[in-house]
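To start, the structure itself, in structure tokens.
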Amino acid sequence: MAEDETPEVQQLPEIIVLGPPVVFETYEKEFCSKFRILRPWESTLPLSEFLLAHAQNTNAALCSGYFLLSTAVLRHLPSLRLVVTTSAGVDHIDLSECRRRQISVANASTLFSADVADLAVGLLLNVMRQISAANRLVKNGLWPKTGDYPFGSKLGGKKVGIVGLGSIGLEVAKRLEAFGCIISYHSREKKSFVLYPFYRDILELAAISDVLVICCALTKQTRHLIDREVLLALGKKGFIVNIARGPIIDENELVLCLQQGLIAGAGLEVFENEPHVPEALFSLNNVVLSPHSAAFTMESLWDSYEITSGNLEAFFSNKPLLSPVLDK
Amino acid sequence: MLARVARSAASEPFISCLTRTHHHIFPVLTNQIQFSRHFNFPTRKNSPSPFAAAAKMEDVRVLMICPMNSYLEQELDKQFKLLKLWAHPQKQEFLKQHSESIRAVVGNATAGADAEMIEALPKLEIISSFSVGLDKIDLIKCKEKGIRVTNTPDVLTEEVADLAIGLMLAVCRRICECDKYVRKGMWKLGDFKLTTKFSGKTVGIIGLGRIGLAIAKRAEAFGCPISYHSRSEKPNTNYKYRASLIDLASNCDILVVACALTPETHHIVNREVIDALGPKGILINIGRGPHVDEPELVLALVEGRLGGAGLDVFEKEPEVPQQLFDLNNVVLLPHVGSGTIETRKAMADLVIGNLEAHFMNKPLLTPVV
């Protein structure tokens, strides 16, 4: 690889790309004009050997949200001082190891919040008003043969419980308020700057809500936060939307509840074992499925290029990071 | 509506079944008689007492044009003498048979009462439509003949506006296509493609009435700049007014039809407007099928001259142009704008409430004519 590089390229700061993330694939030329790129996926060597051979002096990594940046991988990058992830979520990064080694971490911050909130509302409307199911019916030529299409559920006036009132949760709340929804939330702590009712107990929130929208980060505390008990509390007329991380909901229990009619429906963008989705959901009309693509709009992808390359450039010029999560 | 309120209040067993539905009216009548006697005003002998009028409602023949809602049918059946036009294959014969007795017609978005039907029913007093749209009723003929017309405004405004936004999001973010992608197992083979961001897109609204305003309020929460076209500029809004529809279409990302269907707005979205909206533009129709020149729309979508469409209504429902079935940038719905249990019940209650009010000589709840 080094033999092919021009002297100009060799002057550029070196980064290792792990994934590779979609933004890198889309804007590869632009990245290459600013950085010297190590591409482990192009090598026949297994990752650990590649890192040993080529990345011992690399200071910065550009990482996709899907790449598991574990302790083991980090140990093979002894000179690493910065990880830039293209995702908002950081649950795929061993943060405690990064803290220990004083490796800075930067993410996509609130870049995708509008797009993700849009999809949350889109999925909720889609499942409550049966848009995908009705679209299927019409496109199969069945409208003339069917009587009145089965009624959907009204969104206006419904009580919406937002789980996690961070940047995305707030954007979801703002949108749903315009539809006449009544907002409450559950979070680690009460937020002093909002007037929405706060519920410290997720069960209580589920019990009073018609809709739950999962917007929180995946942590040890939130893994399987939405379990059978919470789903039963949400109830037969309740809807759930998950645009956060699959493991926040106990997926097996969710499938059972949907199959048994113990909740009314679900809009799901994330799953416990992506890209595998429980096939039991495929035959249900009260479920809308999305392939974890909430952040992937054309507009946001360009914004993503700007923020990731901006973070890397700031690092190499000893300037403050644009969107630090961990900073030494 | 009045009877329903009375029914729910009258749970005491000693109130006879005759007065159960009307007990709240009876005391009022008694008070009126006492009042007039006290002041020596003559009682109005010739006007029917509300009690008598209510009892006679069971004999009032109401013609329902087509099946539209089973709750509505049941309630109409309970309170009036309900005739179901669709149950009789020989419609003309049936109408002739009952022409001297039908005093009310209940229609909907699909079928109402045109000039021919109105002429065929000389005793027709009121048309109560199970819809807010009135394009299936010959309003001019009704005005001529003094026939009252009512519809169902307000109760369905939010529902229809919600669906308009739902369609915008479904088309921009390819939600239906994504759902299909996952169900077909294609996610295992690769990620879905990039979609279009909705927040911040300019939304152009044709018709800034109740529904148009409700759509604007929702779209604003997504940071969408709003512009609109209507017969005249509306006071008290901050939205940008476009005097020409071509202007509106040229300057928005998503164009939504939310006006009433009249002879002036028939095919208001024609080839010129579609071309102005362009290959990245999206058309949403939650108005009436005939607002849009459907063959031109199909051509534009098939040829890629229009970016996408979300359609709840069509020119000849339930027929939908088959060329649209395979287009992934198009979402098609079977006219479900007001289709939730809560809203349909509220609409039905309004239809019945209007009929009750008319036959009890009370002011109509939601008159149009």
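The values are calculated or read from the model by the stated rules, or taken from the named source; none is laboratory data. All of these numbers come straight from a predicted model, not from anything done at the bench. When we count neighbours, we look across all protein chains shown, and the Cβ atoms used for this are built from the backbone with ideal geometry, even at glycine. Remember, those area values only see protein heavy atoms, side chains included, never the ligands or the DNA or RNA. Shrake-Rupley method; radii C 1.70, N 1.55, O 1.52, S 1.80 Å.
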Task: Largest-first principal axis extents, alpha carbons of chain B, Å - done: 81, 49, 45
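State whether the stretch A:144-195 is rounded, prolate or oblate according to the following rule on the C-alpha gyration tensor (a ≥ b ≥ c being the square roots of its eigenvalues): a/c under 1.5 gives rounded; otherwise a/b larger than b/c gives prolate, and the remaining case gives oblate.
Working: a/c = 3.50, a/b = 3.13, b/c = 1.12.
Prolate, because a/c is 1.5 or more and a/b exceeds b/c.
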Open item on the list: Using alpha carbons only, how many angstrom separate the centre of the stretch A:133-193 from the centre of the stretch A:259-285?
Closed with: 17
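Restricting things to alpha carbons, find the Rg to Rh ratio for the stretch B:88-244 using the Kirkwood radius for Rh. Walk me through the numbers before you get to the answer.
Working: Rg = 22.5 Å, Rh = 19.4 Å.
Reported Rg/Rh (Cα atoms, Kirkwood Rh): 1.16.
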- [ ] Please calculate the 1.4 Å probe accessible area of A:Lys34, with all protein chains present, and give it to the nearest 10 Å².
- [x] 60
TODO: Starting from the Cα of A:Lys190, draw a straight line to each of the lysines and keep only those under 21 Å, dropping any in the same chain fewer than 8 residues away.
DONE: A:Lys159, A:Lys174, A:Lys220
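Any idea what the relative contact order of chain A is, in percent, if you count C-alpha pairs under 8 Å spaced at least 6 apart? Intermediate results must be reported in sequence, preceding the final value.
Values: 577 pairs, mean separation 54.3, N = 328.
Once divided by the residue count of chain A, the mean separation gives 17 percent.
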- [ ] Shielding by partners for B:186-198, please: the mean number of other protein chain Cβ atoms within 10 Å of each residue's Cβ.
- [x] 6
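In debye, nearest 20, what is the charge dipole magnitude of chain A about its Cα centre with +1 on Lys and Arg Cβ and -1 on Asp and Glu Cβ, if you could check?
For this selection, approximately 1140 debye.
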TODO: Post the alpha-carbon centroid distance, the stretch B:56-70 to the stretch B:289-341, in whole angstrom.
DONE: 32
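Just check the stretch B:233-344 against the gyration tensor rule for me: Cα atoms, a ≥ b ≥ c as the square roots of the eigenvalues, rounded for a/c under 1.5, and otherwise prolate or oblate depending on whether a/b exceeds b/c. Please report the intermediate quantities before stating the final value.
On the way: a/c = 1.67, a/b = 1.11, b/c = 1.50.
The shape class here is oblate.
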Task: Cα convex hull volume per residue for chain A (Å³) - done: 160
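Strictly over 20 Å apart at the Cα level, which of B:Lys56/B:Lys91; A:Lys154/A:Lys237; A:Lys145/B:Lys180; B:Lys56/B:Lys362; A:Lys236/B:Lys184; A:Lys158/B:Lys201 would you flag in this model?
Numbers: B:Lys56/B:Lys91 27 Å; A:Lys154/A:Lys237 11 Å; A:Lys145/B:Lys180 23 Å; B:Lys56/B:Lys362 15 Å; A:Lys236/B:Lys184 28 Å; A:Lys158/B:Lys201 26 Å.
Exceeds cut-off: B:Lys56/B:Lys91; A:Lys145/B:Lys180; A:Lys236/B:Lys184; A:Lys158/B:Lys201.
Using every Cα-Cα pair within the stretch A:113-289, state what percent have a distance larger than 28 Å. Let's see the in-between values first.
On the way: 2975 of 15576 pairs.
Value for the stretch A:113-289: 19 percent of Cα pairs lie more than 28 Å apart.
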- [ ] Any chance you could give the angle, 0 to 90 degrees and rounded to 10, that helix B:25-38 forms with the longest Cα principal axis of chain B?
- [x] 50
Open item on the list: Please report the accessible area of B:Cys172 (heavy atoms, 1.4 Å probe, ligands and nucleic acids excluded) in Å², nearest 10.
Closed with: 10
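Can you sort A:Asp210, B:Asp154 by solvent-accessible area, 1.4 Å probe, largest first?
B:Asp154, A:Asp210
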Open item on the list: Angle check, please: helix B:341-359 long axis (alpha carbons) against the longest principal axis of chain B (alpha carbons), in degrees 0 to 90, nearest 10.
Closed with: 40
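If you average the sequence gap of Cα pairs under 8 Å that are 6 or more apart and divide by the length of chain B, what percent do you get for the contact order? Intermediate values should be presented prior to the final figure.
Values: 633 pairs, mean separation 60.0, N = 369.
Here the relative contact order equals 16 percent.
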Open item on the list: Leaving ligands and nucleic acids out of the surface, order B:Trp86, A:Trp302, B:Trp187 by accessible area at 1.4 Å, largest first.
Closed with: A:Trp302, B:Trp86, B:Trp187
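Could you check what % of the DSSP bridge pairs in chain B are antiparallel, to the nearest 5? Show your work: numbers first, answer last.
Values: 2 of 41 bridges.
The antiparallel fraction comes to roughly 5 percent.
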Open item on the list: What do you get for the angle between helix B:70-79 and the principal long axis of chain B? Use alpha-carbon atoms, 0 to 90 degrees, nearest ten.
Closed with: 10
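May I have the convex hull volume per residue, in Å³, for the Cα set of the protein assembly as shown?
Numbers: hull volume 145.0 nm³, N = 697.
Per-residue hull volume (Cα only) is 208 Å³.
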Open item on the list: Going by Cα centres, the stretch A:1-72 and the stretch B:80-123 are how many Å apart?
Closed with: 76
Open item on the list: Could you tell me which residue out of A:Asn286, A:His224, A:Gly180 lies farthest along the dipole of the stretch A:113-289 toward its positive end? Charges go on the beta carbon: Lys and Arg +1, Asp and Glu -1, centred on the Cα centre.
Closed with: A:Gly180
Task: Hull volume in cubic angstrom per residue (convex hull over the Cα atoms of the stretch A:1-71) - done: 100
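Tell me, rounded to the nearest percent, the portion of alpha carbon pairs in the stretch B:157-332 spaced more than 26 Å apart. Mind showing how you got there, number by number?
Values: 3875 of 15400 pairs.
The share of Cα pairs beyond 26 Å in the stretch B:157-332 comes to 25 percent.
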Task: Positive minus negative residues near A:Phe239 (Lys, Arg vs Asp, Glu; Cβ under 10 Å) - done: +1
- [ ] Calculate how many DSSP beta bridges within the stretch A:173-328 are antiparallel, expressed in % of all such bridges and rounded to the nearest 5.
- [x] 5
Open item on the list: For Cα pairs less than 8 Å apart in space and 6+ apart in sequence, what is the mean separation divided by the residue count of the stretch A:157-273, i.e. the relative contact order in percent?
Closed with: 23
Task: Probe 1.4 Å - accessible area at A:Lys236, Å² to nearest ten - done: 140
- [ ] With runs of 4+ DSSP H residues as the only contributors, calculate the mean residue ellipticity of the protein assembly as shown at 222 nm using -39,500 (n - 2.57) per run, divided by the residue total and rounded to the nearest 500.
- [x] -10500 deg cm²/dmol
